[in-house]
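No lab work stands behind these numbers, since they all come straight from the coordinates. These numbers were taken from a predicted model, which means no experiment stands behind them. Cβ sites come from the backbone with ideal geometry, for glycine too, and all protein chains shown count toward neighbours.
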Ligand SMILES: Nc1ncnc2c1ncn2[C@@H]1O[C@H](COP(=O)(O)OP(=O)(O)OP(=O)(O)O)[C@@H](O)[C@H]1O
Ligand SMILES: [Mg+2]
């Protein structure tokens, strides 16, 4: 239902409103409700963390925000940013697929796809941001999992996104590689990119999160500032989730 994505919103204007607004959004795959009745504003500021049990709907929500799937009910609106254009978005999948080329060539491909210059400087700049320039000539598929995740971030940054969506970017990484990714994400967020991250890593949520959206059974169970979420959750669902009681989403 592509026509439910409003790409010329009149309700979202000005520079301090949300980048993206979901109103009464539901997503059903065939007969299966995946997300139900979501009301959510994604505004600029520190990263928003999506938490919730396996199968809750976090990845699907990220795909909705990215426009990879369209709501079956409700509206998803994007606010025009400075210059009157819609926000640029980039998505990093949990297991990014590398092109069978060098790290530098992967970045060049992403720059080309974004319609940007593929000069040596542009490539170096992006590889530097993820501390990979020394591995620029290595086949991307030979990079370690952590290095591949950083390269995936560089490719995403090639789009100069306003909104960067990350689906469990550190799920299979050790603490050192996780920290490297988190440092990049924190820098990108400080530069003004709005980051939304789905994660099962509570430490990561505390370290990176400005606010938390808890998704349970395809619904938003709680949304709070990160500190409040962990110190004084206001819903039973959040208390159960934090106690490790809430394992299944349905
Ligand atoms: N196209 C689809 N058809 C049928 N079911 C789907 C489809 N896409 C997602 N689902 C189901 O929707 C639910 C939510 O999936 P989703 O991947 O969004 O969960 P998640 O919160 O990201 O889980 P995890 O923490 O395991 O990554 C799951 O039960 C999944 O099987
Ligand atoms: Mg997921």
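Annotations
- Candidates 224, 26, 119, ranked by Gaussian network fluctuation over the chain, Cα under 10 Å, top entry: 119
- Cα long-axis angle, helix 120-129 against the chain (0 to 90 degrees, to the nearest 10): 50
- Volume in Å³ per residue [convex hull over Cα atoms, computed for the chain]: 132
- Mean residue ellipticity (222 nm) of the chain, computed from DSSP H runs ≥ 4 via -39,500 (n - 2.57), nearest 500: -9000 deg cm²/dmol
- The C-alpha atoms of the chain define a longest principal axis, and helix 103-113 lies at about 60 degrees to it.
- Whole-angstrom gap from region 167-240 to region 89-126, using each part's C-alpha centre: 26
- Taking the Kirkwood radius as Rh and the Cα radius of gyration as Rg, region 106-250 has a ratio of Rg/Rh equal to 1.04.
- Fluctuation leader among 194, 58, 231 - the chain, Gaussian network, Cα springs under 10 angstrom: 231
- Rounded if a/c under 1.5, otherwise prolate or oblate - region 59-147, Cα gyration tensor axes: oblate
- Exposure proxy ranking, count of Cβ atoms within 10 Å, fewest first, for 183, 37: 183, 37
- Choice from 120, 55, 83 with maximal GNM fluctuation in the chain (Cα, 10 Å cutoff): 83
- Descending by average beta-carbon neighbour count within 10 Å, the peptides 210-220, 40-50, 170-180 line up as 210-220, 40-50, 170-180, the highest first.
- Cα pair count fraction exceeding 11 Å, expressed as % - region 41-82: 73
- Degrees separating the helix 145-157 axis from the principal Cα axis of the chain, which is the longest one: 90
- Burial ordering of 191, 236, 147, fewest other beta-carbon atoms within 10 Å first: 191, 236, 147
- The chain: relative contact order in percent, alpha carbon pairs under 8 Å with at least 6 residues between: 26
- Three semi-axes describe the equivalent ellipsoid of region 22-93; taken as square roots of 5 times the Cα gyration tensor eigenvalues and ordered largest first, they are 22, 15, 11 Å.
- Taking every alpha-carbon pair under 8 Å whose residues sit at least 6 apart, region 26-118 reaches a relative contact order of 19 percent.
- Summarised as an ellipsoid, region 98-159 has semi-axes of 16, 11, 10 Å, derived from the eigenvalues of the Cα gyration tensor scaled by 5 and square-rooted, with the largest first.
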